[in-house]
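Trainee: I am attaching a structure below and will ask some questions about it afterwards.
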Amino acid sequence: MKIILVVGARPNFMKMAPILYEIKKYPDRIHPLLVHTGQHYDKNMSDLFFDDLGLPKPDIFLGVGSGSHAQQTAKIMEKFEAVLLENKPDLVLVVGDVNSTLACALTAAKLHIKVAHVEAGLRSFDRRMPEEINRLLTDAISDYLFLTEASAVKNLEKEGVSQDKMFFVGNVMIDSLLQNLDKAKQSTILSQLQLEKQSYALLTLHRAENVDNRSAMQEILDALMEISKKIQLVFPIHPRTKNKLEEFGLLPKNFKITDPLGYWDFLHLMSQAKFVLTDSGGIQEETTILQIPCLTLRENTERPVTAEKGTNTIVGTNKEKILSHALEVLERKKSQTQIPDLWDGHAARRIVEILLNLI
Ligand code: UD1
């Protein structure tokens, strides 16, 4: 069986690594080809993750780079179609909800090549998010849907997806986290940034709906400025956010700002923080396992289990709400978490066993 594995943007790398390692245990049965679309291309948005995760160099690099949604999606489709026609895989496996995920799934489906989607069924029910459109469309055209949490089962059932396409396997992002925790502990990022354990809050922001709009950004920053009077904010800044903050003249001076960090450094920084403020999806999941309180600066989440069982609170983007939650969490001694079902480090093994049985 020839499988093309697609990665493109930062969170894809952590999700694909455990799947690729599991596939490599069956060299006689599965021949994997790793395709990198090049949606993310900076060293610290891509190469650093290949190094930390021990991922091999991609077999095929499409080098599409940035662009509007239509440009980026179209460029990926055009180049990926040529890859499919030349390599004739039995299956294309995509992860997550980025533009590369949808573009490659759609290209394969149109050529009648089977598609597997890992992290299927998540819904924020907010169609202004590009990721929500990517999730809905990718799921609609995939043949095999691998699910991370119970909400995904319900969402797909409501959309009329048949049970025999759905496989509740757990979370490959958590496979990676558990596999890399020991290595992350050796990171020297705290001393490099002159930080003490629990003496800082970690901040990430990159969602278009937060950072592309000046007034939304200003409202969030007003809250963050107040928080930074009580605790040091450490802010590894996404290039999109940096560009926008510079354009708006809003780059904060009293936060500890760094370039985007590699996987081990970021995991370590997260695991030692007093709490995390973020609009990322994956970080809501990682903090749940690390038992670090997470304040999600969005009005919704597609990962409700992290709030039901984990350490996540959806605080929204209103200044007063962000502030009051941050003050509460500053005083908190310990956060309880229940590990969501099957977030046990073996999701990739389940996925590969299912693929071996299916095909
Ligand atoms: C993308 C995903 C988002 C994911 C995020 C993780 C989509 C629609 N969005 O958002 O779901 O959470 O990745 O980081 O797929 N840029 C660089 N260097 C890079 C990559 C991007 O400078 O290596 C800058 C460019 O100015 C680019 C902008 O960031 O235009 C946005 O990049 P893009 O890939 O379009 O979306 P992200 O915001 O990274």
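Where a number appears in this text, it was derived from the coordinates with a stated rule and is not lab data. All of these numbers come straight from a predicted model, not from anything done at the bench. Heads up, the Cβs are rebuilt from the backbone with ideal geometry, glycines too, and the neighbour counts pull from every protein chain shown.
Trainee: Given Cα pairs under 8 Å that are at least 6 residues apart, what percent is the relative contact order of segment 19-145?
Mentor: 18 percent
Trainee: State, to one decimal in nm², a quarter of the convex hull surface area for the C-alpha atoms of segment 124-276, i.e. the direction-averaged projected area.
Mentor: 10.9 nm²
Trainee: At 10 °C and 1.306 mPa s, grab the translational diffusion coefficient of segment 41-184 from Stokes-Einstein with a Kirkwood Rh over Cα pairs, rounded to a whole number in µm² per second.
Mentor: 97 µm²/s
Trainee: When the C-alpha atoms of the chain are aligned to their principal axes, what extent does each axis show, in angstrom, from largest down?
Mentor: 57, 41, 41
Trainee: Post the alpha-carbon centroid distance, segment 275-314 to segment 200-258, in whole angstrom.
Mentor: Cα centroid to Cα centroid, the span is 18 Å.
Trainee: Short version: ³J(HN,Hα) in whole Hz for each residue of segment 126-135, in order, from phi by Karplus 6.51 cos²θ - 1.76 cosθ + 1.60 (θ = phi - 60°), x for Gly and Pro, what are they?
Mentor: With the stated coefficients, segment 126-135 comes to 10, 7, 7, 7, x, 5, 5, 5, 4, 5 Hz.
Trainee: Now for a different question. How large is the Kirkwood hydrodynamic radius of segment 214-359, counting all unique pairs of alpha carbons, in Å?
Mentor: Taking the inverse mean of 1/r over all distinct Cα pairs, segment 214-359 comes out at 16.7 Å.
Trainee: Determine the dipole magnitude for segment 91-157: charges of +1 sit on the beta-carbon of Lys and Arg, -1 on that of Asp and Glu, nothing else is charged, the reference point is the Cα centre, and the result goes in debye to the nearest 20.
Mentor: 180 debye
Trainee: Related question: What's the local net charge at Lys183, with K and R +1, D and E -1, over the other residues with C-beta under 13 Å away?
Mentor: Its environment carries a net charge of -3.
Trainee: Another question, then. Enumerate the amide H contacts of Thr258 below 5 Å, restricted to partners 5 or more residues apart or on another chain; note that Pro and chain-start residues carry no placed amide H.
Mentor: Phe235, Ile237
Trainee: Expressed as an acute angle from 0 to 90° and rounded to the nearest 10, what is the orientation of the C-alpha long axis of helix 239-248 relative to the principal long axis of the chain?
Mentor: That helix lies at roughly 40 degrees to the long axis.
Trainee: Tell me, what HN-Hα J-couplings in whole Hz come from the Karplus equation 6.51 cos²θ - 1.76 cosθ + 1.60 at θ = phi - 60° for each residue of segment 318-331, using x for Gly and Pro?
Mentor: So the J values, rounded to whole Hz, are 7, 4, 5, 5, 4, 4, 5, 5, 5, 5, 4, 6, 5, 7.
Trainee: While we're on this one: Compute the angle between helix 69-87 and the longest alpha-carbon principal axis of the chain, please, reported from 0 to 90 degrees and rounded to the nearest 10.
Mentor: 30 degrees
Trainee: With angles folded into 0 to 90 degrees, how steeply does helix 172-185 sit against the dominant principal axis of the chain? Use alpha carbons for both and round to 10.
Mentor: Value to nearest ten degrees: 50.
Trainee: With loop defined by DSSP as not H, G, I, E or B, and exposure as at most 15 other Cβ atoms within 10 Å, which is the longest segment of the chain clear of exposed trypsin sites (Lys or Arg not before Pro)?
Mentor: Between exposed loop sites, the widest span is 30-126.
Trainee: Let me ask something else. Using the Cα centre as the reference, give the magnitude of the dipole from point charges on the C-beta atoms of segment 265-359 (Lys, Arg: +1; Asp, Glu: -1; all else neutral), rounded to the nearest 20 debye.
Mentor: Roughly 220 debye, rounded to the nearest 20.
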